[in-house]
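*Asks:* Pasting in a structure now, in structure tokens, and then I'll have a few things to ask.
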Amino acid sequence: MLNLLKIEWLKIKNYRAFIVISIFVVLGVVTTNYIVYSVNKNIIGNMNTGGLVSKFSLYDFDHTWQTTSYATGFLLILPALLIIILVTNEFTFKTNRQNIIDGWSREEFIQVKLAMALIIAVISTILVFLTALLFALFSDSSFALTGISHVGYFFLKALSYNLLAVLVSVWIRRTGFAIGLYFIYLGAENIISQLLDVWSIKLRSDGVADLGSMGDYLPMNASDGLLTFPDNAIKSIAKSSLPTDYTWIVVSLTIIYIILFYWLSRRRIITTDL
């Protein structure tokens, strides 16, 4: 596998799209969190709430892991976009067939793509960890790992997005169509998720059942639902009328969907013509 990954690296290291998107991701993580930090410090921090809302730093060690993971989660579409481009290029330029001719098995071909999705998710998670640590060091707060689990949730979300990108790529095989379908699916699922959430609220308010936020049980919204904004007074008031957060169910579903994306991608390559 290591040799296969070295070959994969030789393919992409000088690829302009890879370089540009990677730079955008790194800058995006830092910039996004700096904007959130500045708004919280200079605008919200200076608001007179009459004591109704307690003020807190989003980037002290008690909140930085959760805040950074939540804010950065919106950027995960960029690594997924990169994966779609890289995988579909294999079919566009027939390099997938050349790899098979050169001695790769179909299993090795898809495994290296899935490994690439995993590596990108790991690197993204490390970047989030370092960014959260950097902002917290300037917060004059004592070191703590409160909420560090959200960095793990970020990894699950990154892996979900990346593996779905691989799945869409090996099924569609054309860059433009794959990107279009990826965005259409995310948008359609989000709409369905909102409708399910409204239904969940109604079921609880009517005293029928508290089934949790059912929108979070869908494939991509499961990982999205794991990353939330840090708790505060306003959020606590709103949560009193919302369904219960069954985090263990959402985590379990996220892992199941990740395994499903992996299995479907692998099966697609192994059982169909190149």
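*Asks:* Can you find, within the range 7-17, the residue that is modelled with the lowest pLDDT among those that are part of a helix (DSSP H, G or I) and loosely packed, with under 10 Cβ neighbours inside 10 Å?
*Replies:* The extreme case among them is Leu10.
*Asks:* Going residue by residue through the range 180-192, is there one that turns out to be out of contact with any Pro (no Cβ under 7 Å at 6 or more places or on another chain) and assigned to a loop (DSSP other than H, G, I, E, B)?
*Replies:* Taking every residue of the range 180-192 in turn, none turns out to be out of contact with any Pro (no Cβ under 7 Å at 6 or more places or on another chain) and assigned to a loop (DSSP other than H, G, I, E, B).
*Asks:* Any residue that is in a helix (DSSP H, G or I) and crowded, with 16+ Cβ neighbours inside 10 Å - is there at least one of those in the range 232-248?
*Replies:* Scanning the range 232-248, I find no residue that is in a helix (DSSP H, G or I) and crowded, with 16+ Cβ neighbours inside 10 Å, so the answer is no.
*Asks:* Could you list, in sequence order, the residues of the range 258-274 that are closer than 14 Å to Glu107 by Cβ, in contact (Cβ under 8 Å) with a residue 60 or more places away in the chain, part of a helix (DSSP H, G or I) and of a type outside the set (Lys, Arg)?
*Replies:* The answer is Tyr262, Ser265, Ile269, Ile270.
*Asks:* Residues to consider are Ala165, Ala158; find the one that is modelled with pLDDT of 95 or more and under 23 Å from Tyr34 (Cα atoms).
*Replies:* Working: Ala165 fails: under 23 Å from Tyr34 (Cα atoms).
It is Ala158.
*Asks:* While we're here: Conditions first: (1) assigned to a helix (DSSP H, G or I); (2) among the hydrophobic types (A, V, I, L, M, F, W, C); (3) modelled with pLDDT under 85. Val198 passes all but one, so which condition is the exception?
*Replies:* (3)
Conditions (1) over 20 Å from Lys157 (Cβ atoms); (2) over 20 Å from the mean Cα position of the chain (by Cα); (3) surrounded by 15 or more Cβ atoms within 10 Å (Cβ to Cβ), marked per residue:
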{"residue": "Asn96", "(1), (2), (3)": "yes, yes, yes"}
{"residue": "Asn99", "(1), (2), (3)": "yes, yes, yes"}
{"residue": "Asp102", "(1), (2), (3)": "yes, yes, no"}
{"residue": "Met116", "(1), (2), (3)": "no, no, yes"}
{"residue": "Ala121", "(1), (2), (3)": "no, no, yes"}
{"residue": "Leu127", "(1), (2), (3)": "no, no, yes"}
{"residue": "Thr131", "(1), (2), (3)": "no, no, yes"}
{"residue": "Asp140", "(1), (2), (3)": "yes, yes, no"}
{"residue": "Ala144", "(1), (2), (3)": "yes, yes, no"}
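The values are calculated or read from the model by the stated rules, or taken from the named source; none is laboratory data. If you're wondering where the values come from, they're calculated on a predicted model, not measured in any experiment. Ideal geometry is used to build each Cβ from the backbone, glycine not excepted, and the neighbour counts take in all protein chains shown.
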